[in-house]
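To keep things clear, I will list the structure first and then write my remarks on it.
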Amino acid sequence: RIDEVETPQEQLAQIERMATSAILNNVARGAIVLGAGVSAFQSSIYNVDAGYRAIIFDRIFGVSQTSIGEGTHFLLPWFQTPVIMDCRTRPRNISSSTGTKDLQVININLRVLSRPDKEHLSYLYSTLGVDYDDRVLPSIGNEVLKAVVAQYNAEQLITQREEVSAAVRKALVARAQEFHIVLEDVAITDLRFGTEFTAAIEQKQVAQQESERARFIVQKVEQEKLAAVIRAEGEALAAKMVSDAMAKSPALVELRRIEAAREIAETLSKARNITYLPSGNTLLNLPAQ
C-alpha cells in the first residue's frame, strides 16, 4: 500500500539508529575487553612493602624455596599466590611461673625481640605458618625459664640476676635457632616471689637490723668500759705523780696551799656582804688587859 512505503527521511533516520547502535555495541565490547585486561594485569602483580618478604605458593610446584624482597613483582594469576611475611623485629613478653632450687615459687617475665631467618622463610611457612612466633616462642620460653631457674636458689636469683639473665639468653637463643628464629635481645623484666617468701625476706631483714642494732649497743658499752678504764688509769697515774712530787718536795704542798688561798681570797673579795679583818687584836689599837 502507498501508506506503508517509507519516505527517504525515515530510511535515513533508521540507518542512523542502526549505526549508533553498532557504535555503542563496539564501545561496550571494547570496555569489557579493557576491563578484563586491567583486571588481569592487576591480578598478575603484587607489592612487597619494606620490612616484608614474599613466598610464592604455586598450585603445581608448591611453596617456593626462595623469598622475594621489597618492590612490585609479577606472577601467574590463579596458579600462583603470594604469601607476605613480616621480617621486622617484633617484641614479645613471655610470663612463666616456676620453682627454684630451694622449692620457692616465682613469677618471672621475659621480654624477647625476635624476627624470622630470611633464608628459611619457606620452611617457617610450610611447617609453622605465618604465626610461627605465636606457636614457638611461648613454649620454648617457658621451657628454658623452668630449666634455668631450677638451677638457682631464690636468693641467688636476686644477687646473681645478671648471671641468670645471661644463662636464659644463651639457652633461649640456641633453642630458637632450631626453628630458624633469630632472637636479637632477651631480658628479664620482672621477678616476683610468693607471699610466703616475701614475708620471710622481710622478717630476715628485720632480724638483721635488730642484730646490727644489738651489736652496735654491745660495741658502745665496750667502748665506754674501755674509756672508763683508761680514765681511771690516768687518774691513778696522776695521783701517783702528785704523791711522788709531794714526797720529793714539801714546798710543792705549800705552793698549792698558797694558790688555793689566793683563789679563795679573790672569790670572797668580790662578795658584797663580807668584811675582812686582819689577824690579831687591831680594834682601835687598844692594849689588851
Provide a single number: the residues in the stretch 43-69 that are surrounded by fewer than 13 Cβ atoms within 10 Å (Cβ to Cβ) and not charged (D, E, K, R). 10
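Is it the case, given these coordinates, that Ser96 is in contact with an Asp or Glu (Cβ under 8 Å, 6 or more places away or on another chain), more than 30 Å from Ser44 (Cα to Cα) and open to solvent by less than 60 Å² (accessible area, probe 1.4 Å)? Walk me through it before giving the result.
Values: in contact with an Asp or Glu (Cβ under 8 Å, 6 or more places away or on another chain): no; more than 30 Å from Ser44 (Cα to Cα): yes; open to solvent by less than 60 Å² (accessible area, probe 1.4 Å): yes.
For Ser96, the condition - in contact with an Asp or Glu (Cβ under 8 Å, 6 or more places away or on another chain), more than 30 Å from Ser44 (Cα to Cα) and open to solvent by less than 60 Å² (accessible area, probe 1.4 Å) - is not met.
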Of the residues that make up the stretch 184-207, is at least one under 20 Å from the mean Cα position of the chain (by Cα), farther than 25 Å from Asp102 by Cβ and in a strand (DSSP E or B)? yes
In the stretch 172-183, the residues that are part of a strand (DSSP E or B) and of a type in the set (Val, Ile, Thr): Ile181, Val182
Any hit, the stretch 191-210, residues being at pLDDT 85 or above, under 25 Å from Glu163 (Cβ atoms), open to solvent by less than 90 Å² (accessible area, probe 1.4 Å) and not hydrophobic (A, V, I, L, M, F, W, C): no
Take the stretch 30-39 and flag every residue that is open to solvent by 50 Å² or more (accessible area, probe 1.4 Å) and either at pLDDT 80 or above or within 57 Å of the chain's Cα centre (by Cα) (or both). Ala31, Ile32, Val33, Leu34, Val38, Ser39
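Limited to the stretch 144-170, what total is found for residues that are open to solvent by less than 40 Å² (accessible area, probe 1.4 Å) and free of Cβ contacts under 8 Å to residues at least 40 places away in the same chain?
So the first thing to find is which residues in the stretch 144-170 are open to solvent by less than 40 Å² (accessible area, probe 1.4 Å), and the list is 144-145, 148-149, 152, 154, 157, 164-165, 167-168.
Subset that is free of Cβ contacts under 8 Å to residues at least 40 places away in the same chain: 144, 148, 164-165, 167.
Matching residues across the stretch 144-170 total 5.
A quick yes/no check of all residues on (1) under 20 Å from the mean Cα position of the chain (by Cα); (2) of a type in the set (A, V, I, L, M, F, W, C); (3) in a helix (DSSP H, G or I); (4) under 12 Å from Ala176 (Cβ atoms):
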position: Leu103; (1), (2), (3), (4): no, yes, no, no
position: Asn107; (1), (2), (3), (4): yes, no, no, no
position: Val112; (1), (2), (3), (4): yes, yes, no, yes
position: Leu121; (1), (2), (3), (4): no, yes, yes, no
position: Ser126; (1), (2), (3), (4): no, no, yes, no
position: Gly141; (1), (2), (3), (4): yes, no, yes, yes
position: Leu145; (1), (2), (3), (4): yes, yes, yes, no
position: Val148; (1), (2), (3), (4): yes, yes, yes, no
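Among the residues of the stretch 219-228, is there at least one that is part of a helix (DSSP H, G or I), of a type in the set (Gly, Ala, Ser) and either modelled with pLDDT under 95 or exposed (fewer than 12 other Cβ atoms within 10 Å of the Cβ) (or both)? Step through it out loud before you land on a result.
Initially, the stretch 219-228 is screened for residues part of a helix (DSSP H, G or I), giving 219-228.
Imposing the further condition that a residue be of a type in the set (Gly, Ala, Ser) reduces the set to 227-228.
Remaining after also requiring either modelled with pLDDT under 95 or exposed (fewer than 12 other Cβ atoms within 10 Å of the Cβ) (or both): 227-228.
There is at least one residue in the stretch 219-228 that is part of a helix (DSSP H, G or I), of a type in the set (Gly, Ala, Ser) and either modelled with pLDDT under 95 or exposed (fewer than 12 other Cβ atoms within 10 Å of the Cβ) (or both).
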If I filter the stretch 70-84 for residues that are closer than 30 Å to Ala187 by Cα and either open to solvent by less than 90 Å² (accessible area, probe 1.4 Å) or part of a loop (DSSP other than H, G, I, E, B) (or both), do I get at least one hit? yes
Considering (1) in contact (Cβ under 8 Å) with a residue 12 or more places away in the chain; (2) small (Gly, Ala, Ser); (3) closer than 26 Å to Glu184 by Cα; (4) out of contact with any Leu (no Cβ under 7 Å at 6 or more places or on another chain), say which one Ser96 fails and leave the rest. (4)
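The values are calculated or read from the model by the stated rules, or taken from the named source; none is laboratory data. What you are looking at is a predicted structure, and each value in this text was computed from that prediction instead of being measured. Cβ sites come from the backbone with ideal geometry, for glycine too, and all protein chains shown count toward neighbours. Protein only, heavy atoms only, side chains kept; ligands, DNA and RNA dropped before computing areas. Shrake-Rupley method; radii C 1.70, N 1.55, O 1.52, S 1.80 Å.
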